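Where a number appears in this text, it was derived from the coordinates with a stated rule and is not lab data. Since we're looking at a predicted model, the values are computed, not measured. Backbone-built Cβ (ideal geometry, glycine too); neighbour counts: all protein chains shown.
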Amino acid sequence: EKTVENKKLGEEVKMLETRIAALTKQDEDHVSQRKEHEQEQAQLELQLEDARAKIEFYESVMAEKEECLEAALKTCSASQEALKENARASRMECQELRDQLQMAARELEA
């Protein structure tokens, strides 16, 4: 009887050892997966930080370009106004010269 009981106990011990080995392996796998997930999360956080830095940089570049464009627009507007003023002055000068020419032509006729 004791040998049968010892045999059963031996088989039960082996079964428990096998189960413990399987659970240990499962635990090691979970630890390994957790480490992989932590590494992946750290990498994603770095990528996110990099993306934020790029966005901030591009926003500052765009703001700078916007300021330059606004300054260029003001310069163009001022130049356009100056050109309009010059054209107006030239037209008046041409009109004065025409008037003088007409007066000189009349004097010659008279």
For segment 26-110: Kirkwood Rh in Å [reciprocal of mean 1/r, alpha carbons]: 20.1 Å
Arg19-Lys65 FRET efficiency (beta carbon distance; Förster radius 41 Å; 0.05 resolution): 0.05
Alpha-carbon centroid distance for the pair segment 4-44 / segment 73-109, whole angstrom: 98 Å
Per-residue HN-Hα couplings for segment 90-96 [Karplus 6.51, -1.76, 1.60; θ = phi - 60°; Hz; x = Gly/Pro]: 5, 4, 5, 5, 4, 4, 4
